[in-house]
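A short worksheet on the structure shown next.
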Amino acid sequence: MNARPAPARHRRAPRMLAALLGLTLSACSTTVYEVVIQAPVSAKLDVSKYQRIYVAGFVAGPSDDLDASMETVRLLRNQLRNKNVLRVLDADAVSLTDKAQELAGPNAGPIPVTRTETDLDPYTKVFSDTGYWRTVGAELDAPLILTGTVVFLPQERTGFVQREQETYDQFGRRQVVPVRTYMERKGFVLRPTFVFIDGATGEQVYSESFREEILYNSNQQTPALSSYFELMDRLLPSVLNTLTAQKVRGNRVLLK
């Protein structure tokens with residue numbers, strides 16, 4: 001008597017098992033590659049109508065640590081020259097203190113020594129005075145104007161910090177374990193707002209705020225100027241991306 005053929009589902013089972021086994025073996029032999037890629041990021045502002053840029057100065061509270069306005073002017077002018085997107089004007093920075101105080105109103109008083117990140121907020125009306133900026137722009141043949149506020153403050157913080165600690169077991173094998181330690185730390189916070197103004201009309205065309213902070217062990221003495229440059233270094237790619245396309249680097253994992 002002839003044997004009955006196996007049901008289709010039974011005949012398929014060995015083939016499916018073989019396929020799965022092949023996939024498993026293939027996965028086991030997969031090679032992992034980590035590659036660095038660069039992705040272009042378009043400029044945030046169309047500057048095709050401008051040939052020049054004027055870094056005009058910044059509203060900043062008086063400080064014993066550094067002149068935040070002048071340091072920011074110098075740094076941005078150097079960085080913009082390196083990028084060579086627009087011609088950077090060498091005209092002296094304007095003093096925004098008196099104008100900012102005038103527009104803030106009699107109740108605001110002189111710009112104070114900055115104690116908090118919001119101390120300069122009442123003085124930001126100066127960036128909406130189109131007549132003032134139109135006059136500034138007319139003297140320089142209507143460039144793109146870069147101005148804003150810069151808050152640079154010392155800060156202290158206490159609390160638990162997780163750090164990695166090396167240990168070795170009885171066989172000499174190295175281990176890295178997380179350890180929570182209560183620490184007092186000191187550092188600085190930087191909160192700049194960059195405002196771009198059309199020198200022909202006096203109108204704002206773009207603005208963006210940033211915030212970065214850095215903390216050190218309480219016994220580490222780091223000059224304020226060094227911390228300022230370290231914090232600005234983190235921000236500069238985003239600031240420059242306002243005017244020109246940037247390339248963002250990142251890591252990707254490929255399987256083969």
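Which of the residues belonging to the range 191-247 are among the hydroxyl-bearing types (Ser, Thr, Tyr) and part of a loop (DSSP other than H, G, I, E, B)? Even if it seems obvious, please write down each step before you answer.
Keep residues of the range 191-247 that are among the hydroxyl-bearing types (Ser, Thr, Tyr), which gives 193, 201, 206-207, 209, 216, 218, 222, 226-228, 238, 242, 244.
THR201, SER218, THR222, THR242, THR244, listed by residue number.
Yes or no: GLN221 surrounded by 13 or more Cβ atoms within 10 Å (Cβ to Cβ), at pLDDT below 90 and not β-branched (Val, Ile, Thr)? Write out each step before concluding.
On the way: surrounded by 13 or more Cβ atoms within 10 Å (Cβ to Cβ): no; at pLDDT below 90: yes; not β-branched (Val, Ile, Thr): yes.
No; evaluated as a whole, the condition is false for this residue.
Would you mind finding the one in ALA142, ALA108, ALA100 that is in a loop (DSSP other than H, G, I, E, B) and in contact with a strand residue (DSSP E or B) (Cβ under 8 Å, 6 or more places away or on another chain)?
Values: ALA108 fails: in contact with a strand residue (DSSP E or B) (Cβ under 8 Å, 6 or more places away or on another chain); ALA100 fails: in a loop (DSSP other than H, G, I, E, B).
After ruling out the rest, the residue left standing is ALA142.
Can you tell me which of LEU76, LEU86, LEU80, LEU96 is without any contact (Cβ under 8 Å) to a residue 60 or more places away in the chain and buried (at least 17 other Cβ atoms within 10 Å of the Cβ)? Even if it seems obvious, please write down each step before you answer.
Working: LEU76 fails: without any contact (Cβ under 8 Å) to a residue 60 or more places away in the chain; LEU86 fails: without any contact (Cβ under 8 Å) to a residue 60 or more places away in the chain; LEU80 fails: without any contact (Cβ under 8 Å) to a residue 60 or more places away in the chain.
One residue alone meets the criteria, LEU96.
Is it fair to say GLU164 is among the acidic types (Asp, Glu), at pLDDT 90 or above and on the phi < 0 side of the Ramachandran plot? Can you show your working first?
Working: among the acidic types (Asp, Glu): yes; at pLDDT 90 or above: no; on the phi < 0 side of the Ramachandran plot: yes.
Against the criterion (among the acidic types (Asp, Glu), at pLDDT 90 or above and on the phi < 0 side of the Ramachandran plot), GLU164 does not qualify.
For the range 99-131, which residues satisfy the criterion of being surrounded by fewer than 18 Cβ atoms within 10 Å (Cβ to Cβ) and either within 24 Å of the chain's Cα centre (by Cα) or at positive phi (or both)?
Selection gives GLY105, GLY109, ARG115, THR116, GLU117, THR118, ASP119, ASP121, THR124.
Hey, could you check the range 64-73 for residues that are without any contact (Cβ under 8 Å) to a residue 40 or more places away in the chain and part of a loop (DSSP other than H, G, I, E, B) and say which is surrounded by the fewest Cβ atoms within 10 Å (Cβ to Cβ)? Talk me through it step by step, then tell me what you get.
Keep residues of the range 64-73 that are without any contact (Cβ under 8 Å) to a residue 40 or more places away in the chain, which gives 64, 67, 70, 73.
Checking the rest, the ones that are also part of a loop (DSSP other than H, G, I, E, B) come to 64, 67.
Numbers: ASP64: 6, ASP67: 16.
Per the stated criteria, the residue is ASP64.
From (1) out of contact with any Asp or Glu (no Cβ under 9 Å at 6 or more places or on another chain); (2) among the acidic types (Asp, Glu); (3) within 27 Å of ASP65 (Cα to Cα), pick out the condition that doesn't hold for GLU156.
(1)
Considering each residue of the range 77-97, count those that are modelled with pLDDT under 95, part of a helix (DSSP H, G or I) and aliphatic (A, V, I, L, M), and give that number.
Residues in the range 77-97 being modelled with pLDDT under 95, part of a helix (DSSP H, G or I) and aliphatic (A, V, I, L, M): 0 in total.
Quick check on this structure: which one of SER63, SER69, SER42 is among the polar types (S, T, N, Q), more than 23 Å from PHE127 (Cβ to Cβ) and at pLDDT 55 or above? If you could, list the steps in order and put the result at the bottom.
Values: SER63 fails: more than 23 Å from PHE127 (Cβ to Cβ); SER69 fails: more than 23 Å from PHE127 (Cβ to Cβ).
Criteria check complete, one pass: SER42.
Pairs please, first residue from the range 122-133 and touching a residue at least 12 places away in the same chain (Cβ under 8 Å), second anywhere and assigned to a helix (DSSP H, G or I) and of a type in the set (Gly, Ala, Ser), Cβ atoms under 6 Å, 6+ apart in sequence or on different chains.
Taking only residues 6 or more apart or on different chains, the pairs are PRO122/ALA104; TYR123/ALA100; TYR123/ALA104; VAL126/ALA100.
The values are calculated or read from the model by the stated rules, or taken from the named source; none is laboratory data. Just so it is clear, the model here is predicted, and its values are computed rather than measured. Here the Cβ is made from the backbone with ideal geometry for all residues, glycine too, and neighbour counts use every protein chain on show.
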